[in-house]
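One structure below.
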Amino acid sequence: MIMDRRDIEKLTSIVGRGNILTDKEERICYAYDATNQLHLPGAVLFPASATEISRIMTLANRQGFPVTPRGAGSGFTGGSLPVEGGVVVSLERMNRILEIDEENLLAVVEPGVVNGDLQMAVERLGLFYPPDPSSMKFCTIGGNIAECAGGPRAVKYGVTRDYVLGLEVVLPDGGIVDTGVATIKGVVGYDLTRLFVGSEGTLGIVTRATLKLLPLPEAFNTMMVTFKDVVDGAKAVSAIIRSGVVPTAVEIIDGVSIGCVKDGAATGIPDGVDAILLIELDGDRGSIDRDAASVKDLCLENNGLDIKIASSKKEVKALWRLRRALSPSLARIKPNKLNEDVVVPRSKIPDLLSGVRDVSEDKGLMIPCFGHAGDGNIHVNVMYDARDKGETERAWEAVKAVFELVVRLGGTISGEHGVGTAKAPYISMELKPPVINVMKDIKDLFDPKGILNPGKIFQCHRGGSDEGP
Amino acid sequence: MKVLKELVQELDRCVRCGTCRGVCPTFGVILREAASARGKVSLAKSYVDGDIALSRTFIRHISECVLCGACEEVCANDVPVPDIIIAARGEKVRSEGLPFTASAVMKGLNRPHTFMSLALRVASKFQPALFKKVPKESGMRRRFPVPLVDKDRLVPPLAGKFMLDTLKKSGKVERGVFVSRSRDSKVRVGFFAGCLTNYISPNIGIASIEVLNRVGADVFVPLKQVCCGMPALGMGDVKDAKSLALRNLDAFEGLDLDFITTSCATCGEALKRRFKDLLLDAGDPATGRRVEEYCGKVRDINALLVNELGIGDIIPAAAGDESRKVATYHDPCHLRRSQGIKEEPRELLEMAGLRIKEMNHPCRCCGLGGSFNLTHYGFSMEIGKKKAEDIDSTGAEIAATACPGCILQIKDGLHHVGSTVKVVHVIELLAGRLRGGEGMNSG
Ligand SMILES: Cc1cc2nc3c(=O)[nH]c(=O)nc-3n(C[C@H](O)[C@H](O)[C@H](O)COP(=O)(O)OP(=O)(O)OC[C@H]3O[C@@H](n4cnc5c(N)ncnc54)[C@H](O)[C@@H]3O)c2cc1C
Ligand code: SF4
Ligand code: SF4
């Protein structure tokens, strides 16, 4: 959709001349996210306040042009892509940490704050903001809230949802509302805060968030365990969870994924390893040492090959760097991937992994798996070459087969990346029609004209419907 | 050197994950996607695909890069962003030529240093009129308010005597090559000065020769050497970079050298790696062999001293003594990332009798970025200020680094944040220790 010149002028007067971009070159840079798809917006806006955003929404609502909020554009499901054109509202300029309340363990931030910057700021004060998506060095808190991002530490600490106490949100009609509380408890009225968390920027634009903090644990311990068989690795995870030890994180990396990072970096991982577990423990010194000993035993009981404990901060960093490099490095296998982040009950991880192995063999495609085994959230990546028609077809079939497997195992098809455009065709595999209808009613209530981030969650820009492919 | 259209595969390796946004210094201060590595790669891709022209906006964005390589380092897909940027800038040079001033400078640099010396010497006559003194320790002077030039900007004064001029008049020149022999000659080392050392900080070059002599190296400094070509390459001017590389090959020929060294991180990258990029694909096997041989001999001076010349046996590190002066060390991008050298300069600092206190982000770019500092002074200094704050908050007395370019930029940055930390080259500190002084030799 091409933007009307008068709308552009009005928008310019709202955000100021320096904060609107309309050149094609500039729009290209706000046309993609980590799905690597391109949808050109008509203009990109960089508002500085809720008031400006409110005026933008009021105008959009009147004129009927779409508005797509955007953080860092690191999303994996196309949430920030302006699939129906209109304007992209980038929150990058609203990147201030407004307050860190050490007494009440709270932080108040603008949405454009980078997750890692917040973590550093609070850790300097001996505090802790647990949600740690692998993209934390560049993704924003606004994007985290909109996707309900999680990370390795979710096993012990939960996900973004568990840390959002209150929000300031600009609604599609331009209204500005405050939701939630600045306290740990609060039950007055419906829990709108939770409704906005994970709503993928389709119900409102978050302009300020009050976040819960914790005291920083006294010590961390990171270890790496290798296995000859990925199913053994998965069994070790189940055993750890069953034992009552609550690790901060348990990440699993399968053999195909290991191959990718090994290619890229000298990792010192020997051949013949088909799975790695990265396990992190935190707490006070004494309890960590006890827990580490039992984790070690459990891994060995499940055929663990080698256990390496990081002895310095540097080694810990190196281990996590390896984990964070995984996702982008898969492009070494094939240029395209269907990146699914499914979740199954933790006891079912071995079934999931062996099931995926069957799908992979059946379709003749590489499907590297890795992820947050500790909470059952596994990233299943179907690799293919989009230039090859047959392969592309088989890739989509593989995804469907994986989803069927997941639902059969009692899981969900997205743990943290959201639905966006990428998974819109599949939601009916998991959600029953009455539930989808309630959700659509909620969307209509907030955004009757359908101008805020249209084309997400419920509609598939690939031409599918909510009924599935 | 590949042109942009030959980098399609590399461009396609980018999956738009955004990881590079977290480390890209120009994005960090401009805060617009187009200034990030991912944005610039996307623009280059759109240009190659014919979706955008060589427009002013495109050119502006590809100019917003300090070629620090931080993006390439974190990129899981090894997207060679600096090469892409250089190639994109090359598109502009090929279609429009260099801007007037840049082309005049390039012409000058493409002559032996003596020519530039003359030109600059004339210019330096006017120095007192153009430069005003600021605190003497900073070694920099503030330029009088000149239109378009930030009045707080520190402009380095030209050296009173250029290094190569001094060597020329030393009486130790044999067939166009300055030679300084060691008492116990073990190896023959060629020294490449580089423009900044020659014109602005000859102390660093002189100190390098001194230290090399002390560890048993005979030092040869061909007076015919010219600029390493990195400023040209950084602007996308491959033609001039090539011709400079060739001249430098010639200058060091026939000296039967074991090593060629430099105390400039940027020159080091050029000599070791870029000369090959520039000359290997020339389709001329003889040049190919020469450049392979040349590049194979190049060592950064820190690595040469520690790994090849065994300086550790001559001056052991002065460990343990807590009363030592405290220094912090900045990793030049072109040393740490391009050449993988990080421990050696630190070891040398210990040998120079200092205690190292690491700063936060020691390998975050200082913001100089070659011509970036000239074309985008404001942004360059925003980046520089972050570095200055990291340095200042260590409480160290001395900020050491191993590149004369970084030294100038860091001095300017520290001046902006009002810090009095002294900035010196590792080799100057080492030479100071060897002379028996306290390790400082900088004005
Ligand atoms: C290498 C890599 C690793 C990743 N690892 C993880 C991981 O471990 N866990 C995980 O959960 N995710 C992960 N992700 C996905 C992604 O980083 C997260 O979804 C993140 O929360 C997106 O943040 P962003 O700032 O990039 O948002 P964007 O991608 O810009 O936007 C995401 C969604 O949020 C909406 N949005 C953005 N800001 C606002 C706002 N202020 N108000 C309302 N809506 C808004 C957008 O419209 C869009 O729908 C990873 C991504 C990459 C590239
Ligand atoms: S890190 Fe590499 S792949 Fe990811 S966006 Fe940057 S250049 Fe592209
Ligand atoms: S080389 Fe440095 S400045 Fe240039 S794009 Fe990469 S990170 Fe950014």
For segment B:17-58: of the residues being on the phi > 0 side of the Ramachandran plot and open to solvent by 20 Å² or more (accessible area, probe 1.4 Å), which is nearest to the chain's Cα centre (by Cα)? B:Leu31
Subset of segment A:293-308 [open to solvent by less than 70 Å² (accessible area, probe 1.4 Å) and part of a strand (DSSP E or B)]: A:Gly304, A:Ile307
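Restricted to segment B:285-326, and to residues that are small (Gly, Ala, Ser) and in a helix (DSSP H, G or I), which residue is nearest to B:Cys264 (Cα to Cα)?
That would be B:Ala303.
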Looking at segment A:37-154, what helices (runs of 4 or more DSSP H) fall wholly within it and have at least 3 residues that are more than 20 Å from A:Gly166 (Cα to Cα) and outside the structural domain of A:Val382 (by TED's automatic domain parsing)? A:50-63, A:115-124
Among the numbered conditions (1) assigned to a helix (DSSP H, G or I); (2) closer than 30 Å to A:Ile269 by Cα, tell me where A:Thr193 comes up short. (2)
I'd like to know if segment B:72-79 contains one or more residues that are under 26 Å from the mean Cα position of the chain (by Cα) and more than 9 Å from ligand 2 (Cβ to nearest atom). yes
Just to be sure, is A:Leu278 part of a strand (DSSP E or B), at pLDDT 90 or above and open to solvent by 30 Å² or more (accessible area, probe 1.4 Å)? no
Go through segment A:90-124 and report how many residues are without any contact (Cβ under 8 Å) to a residue 24 or more places away in the chain and at the interface with chain B (Cβ under 10 Å from one of its Cβ atoms). 3
A:Gly189 vs (1) within 14 Å of another protein chain (Cβ to nearest Cβ); (2) of a type in the set (Gly, Ala, Ser); (3) out of contact with any helix residue (DSSP H, G or I) (no Cβ under 7 Å at 6 or more places or on another chain); (4) open to solvent by 30 Å² or more (accessible area, probe 1.4 Å): all pass except (1)
Just for segment A:133-147: of the residues that are more than 6 Å from ligand 1 (Cβ to nearest atom) and not β-branched (Val, Ile, Thr), which one is farthest from the other protein chains (Cβ to nearest Cβ)? A:Met136
Looking at segment B:35-66 only, could you name the residues that are within 12 Å of B:Leu4 (Cα to Cα) and within 15 Å of ligand 3 (Cβ to nearest atom)? B:Val41, B:Leu43, B:Ala44, B:Lys45
Considering every residue within segment B:375-383, establish whether at least one is open to solvent by less than 10 Å² (accessible area, probe 1.4 Å), under 25 Å from B:Leu305 (Cα atoms) and not small (Gly, Ala, Ser). no
Read through the list (1) open to solvent by 10 Å² or more (accessible area, probe 1.4 Å); (2) touching a Gly at 6+ places or on another chain (Cβ under 6 Å), then give the number of the only condition that B:Ile314 fails. (2)
Within segment A:248-269, identify whether any single residue is small (Gly, Ala, Ser), open to solvent by 20 Å² or more (accessible area, probe 1.4 Å) and over 18 Å from A:Leu322 (Cβ atoms), and answer yes or no. no
Within 23 Å of B:Val238 (Cα to Cα) and within 13 Å of ligand 2 (Cβ to nearest atom) - does that describe any residue in segment B:10-18? yes
Need the failing condition index for A:Val181 against (1) over 17 Å from the mean Cα position of the chain (by Cα); (2) farther than 24 Å from A:Lys456 by Cα; (3) buried (at least 23 other Cβ atoms within 10 Å of the Cβ), just the number. (3)
Being free of Cβ contacts under 8 Å to residues at least 40 places away in the same chain and either away from ligand 3 (no atom under 16 Å from the Cβ) or more than 14 Å from chain B (Cβ to nearest Cβ) (or both), is that true of even one residue in segment A:206-217? no
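Could you check how many residues of segment B:231-277 are in a loop (DSSP other than H, G, I, E, B), within 17 Å of B:Gly90 (Cα to Cα) and among the small types (Gly, Ala, Ser)?
Of the residues in segment B:231-277, 1 are in a loop (DSSP other than H, G, I, E, B), within 17 Å of B:Gly90 (Cα to Cα) and among the small types (Gly, Ala, Ser).
The values are calculated or read from the model by the stated rules, or taken from the named source; none is laboratory data. If you're wondering where the values come from, they're calculated on a predicted model, not measured in any experiment. All Cβ positions, glycine included, derive from the backbone under ideal geometry; neighbour counts span all protein chains shown. We work out accessible area using only protein heavy atoms, side chains counted, and drop any ligands, DNA or RNA first. Shrake-Rupley method; radii C 1.70, N 1.55, O 1.52, S 1.80 Å.
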